[in-house]
Amino acid sequence: MDLTVIILSYNVRYLLESCLESVETAMRRIQGEILVVDNASSDESVEMVRSRFPEVRILANDQNIGFAKANNLAIKQARGKYVLILNPDTLVHEGALRACLDYLESEADVAAAGVRMTDHAGRFLRESKRGFPGLWPSIWKLSGFSRLMPGHAKINHYYLGHLDEAGIHPVEVLTGAFMMLKKTVLEEVGGFDERFFMYGEDIDLSFRIRKLGYRLIYLGGQSIVHLKGRSSALHSAAYVLNFYRAMSVFVKKYYVNPALKTIVMTGIGLAAVLSWLKRKIVRHFLPLMDILLLSLLLFLVQYLWARGWFEDPAYFHNSVFLLNALSYVFLWFMALVLFEAYRPYQEKPAWLALKAVLAGTLVILVLYSLLPENWRSSRAVILMSGLSAALVLPWSRNLLRPGLAALRALYTGDQAGEKSLNPLFKRLCHDHYFSYLSREDLSGLREPETRVAKLKDQVQAQDITHVILESPAKSKEDLLLFTRGLKGRVKFLVPEKNGWPETGVMASIPGLKEVDIRLGKPMYRTMKWLFNFVLTVLILPWGWLRRDIRKNYFALLLGTKQWISYHQPPDPRLPSQRPGLWHPGFDPVTGDDYPWQDLNFEYAGKYTPGRDILIVLARLFNFN
């Protein structure tokens, strides 16, 4: 047998499926075997391999034993003359395996070969060829200087930037994502060092192989796709801990000077913590950071303008400017929300932030022109602050962009439903929307309480961020049930199929819609209360002239009835609302009502004050 392909898998079921398909195609003319080691995945990876790829050997561990130990278990069972260590998030091009085998066969002193890796968009991945991470290469990389001089042999030694990415070169380190080795050399070197749980194993193995006098070769003429999904694990303290432990083992093993060890370990720890904090800011505190940046820019611009133009630093120190400034920041922030600048799966966050700030600035300038003269502060401050924010906020998005988390999703349908959606799920995993996607069949559970309890358990156990509901038959029922039971802990998605009543559309995830029950959330309930209050103040003083308002005058005044509410009687599972004078579904052209079955559900799902305003205007000017 010529080749054993070893793939270590952990919770990447759809990426693993695509990887195995590509490997099977690439091995059609090679005498070999495929061996999958699963580190206790919870996403049905093992079941998928056994059903879809019966010829693949699988080692199913009952716990996550890490990269080094799991691969060593497989290496001991490998029957091939050569062993390929391969990541499950790769797609192997036909010809790459044959080319590596032929090169290793022809060169006695070459122990291992790697290939050119690209991401899903075809961009070259620098980690395809690497130098040993000594002190100065690591400093240049961590400080960012290597990006400024990508072709310099010393400054960018970490990624061997001076070597042609399409050439054939001896290198110091090959990546564990694709590393084809002679099995005799693997046995001679003793496999991976099991002190490394995750990260650094490939660097250590490469170093030990070279110490034995063998060469490592990078074949730039052959390529694979390395999907490198945005992993939500990067947001956890466990990631920082594992990374720091791996680097600690590495430094203790290869650095001799105690003072140097301390310096390097301190730098690695600081870099890991800062990286983790950056991701936490993106995931949880980005809106707060935007508000602070907008406020700082606004007050900085007003100070400079007051000092330079009015020659009085205290020119804007008054309540009018303070009130205006708060309003400006609020309007810019609302524009960012409306332009969906806080969705973690947006592919162009900088562009969205730019559009939102410019749109917000335009709205502010229009509203400013309508204010009385004594309520105006400075049009120049608005314009310059808006332009400054249009530069700074997109820049901050680009600065924080690396490491954005993909979503952790759970599909609630049965096996047949998963099979029909399998191509979509694989594509979404390939394109980095999902870093984790599992299935929990809730269709056989009839009791609502049991269904909610089961979903709650899975959401907590698997750290789920998004739930994909069955569609279309049960999704409406499940959404009403689960939104109340999970109380905002996750977002809900449904496949794009006809028959689903609209409660919001999310174009950012192809093939899926985001669905919601907005009136169940405190923010939208508060907005509706404020809308009712404002409408009562504006309409009731003259509303008694209309018969429909006059009949409900005191109920509206006392708040026992609101202006817009559900058709009566509403589904009791919908968020509770007081009865309304009017309801959605009124056609302002014909004057007809349309009490179709899903009207209340749609209204609760995608409620906005603007929707209520349209209904009020239609009723006031077209109702007889």
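The values are calculated or read from the model by the stated rules, or taken from the named source; none is laboratory data. Because the structure is predicted, anything quoted here is derived from the model rather than measured. Cβ: placed from backbone, ideal geometry, glycine included. Neighbour counts: every protein chain shown.
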Exercise for the section: Taking Glu127 as the residue in question, decide whether it is assigned to a helix (DSSP H, G or I) and exposed (fewer than 15 other Cβ atoms within 10 Å of the Cβ). Expected result: no
Problem - Count of the range 186-220 residues which are more than 16 Å from Ala68 (Cα to Cα), surrounded by fewer than 18 Cβ atoms within 10 Å (Cβ to Cβ) and in contact with a helix residue (DSSP H, G or I) (Cβ under 8 Å, 6 or more places away or on another chain) - result: 1
Practice task
Determine whether Leu387 is of a type outside the set (Gly, Ala, Ser) and either touching a residue at least 24 places away in the same chain (Cβ under 8 Å) or not in a helix (DSSP H, G or I) (or both).
Solution key: yes
Practice task
Hey, can you tell me all the residues within the range 423-452 that are in a helix (DSSP H, G or I) and either touching a helix residue (DSSP H, G or I) at 6+ places or on another chain (Cβ under 7 Å) or touching a residue at least 24 places away in the same chain (Cβ under 8 Å) (or both)?
Solution key: Leu424, Phe425, Lys426, Arg427, Leu428, Cys429, His430, Pro448, Arg451, Val452
Handout entry: Any hit, the range 141-158, residues being among the hydrophobic types (A, V, I, L, M, F, W, C), within 19 Å of Asn71 (Cβ to Cβ), touching a residue at least 24 places away in the same chain (Cβ under 8 Å) and touching a Gly at 6+ places or on another chain (Cβ under 7 Å)
Key = no
Handout entry: Number of positions in the range 525-577 that are among the basic types (Lys, Arg), under 37 Å from the mean Cα position of the chain (by Cα) and farther than 19 Å from Ile613 by Cα
Key = 1
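Yes or no, residue by residue, for (1) touching a residue at least 60 places away in the same chain (Cβ under 8 Å); (2) in contact with an Asp or Glu (Cβ under 9 Å, 6 or more places away or on another chain):
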position: Ser9; (1), (2): yes, yes
position: Thr25; (1), (2): yes, yes
position: Asp38; (1), (2): no, no
position: Phe67; (1), (2): yes, yes
position: Asn71; (1), (2): yes, yes
position: Asp89; (1), (2): yes, no
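Per-residue answers, yes or no, for (1) part of a helix (DSSP H, G or I); (2) crowded, with 16+ Cβ neighbours inside 10 Å; (3) under 33 Å from the mean Cα position of the chain (by Cα):
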position	(1), (2), (3)
Glu24	yes, no, yes
Arg50	yes, no, yes
Ile75	yes, yes, no
Leu91	no, yes, yes
Arg98	yes, yes, no
Tyr103	yes, yes, no
Practice task
Among residues belonging to the range 52-73 that are part of a loop (DSSP other than H, G, I, E, B) and polar (S, T, N, Q), point out the one that is nearest to Gly176 (Cα to Cα).
Solution key: Asn64
Fill in the blank from the handout: In the set Ala390, Ala341, Ala335, Ala356, the lone residue that is at pLDDT below 85, within 27 Å of the chain's Cα centre (by Cα) and under 30 Å from Pro510 (Cα atoms) is Ala341
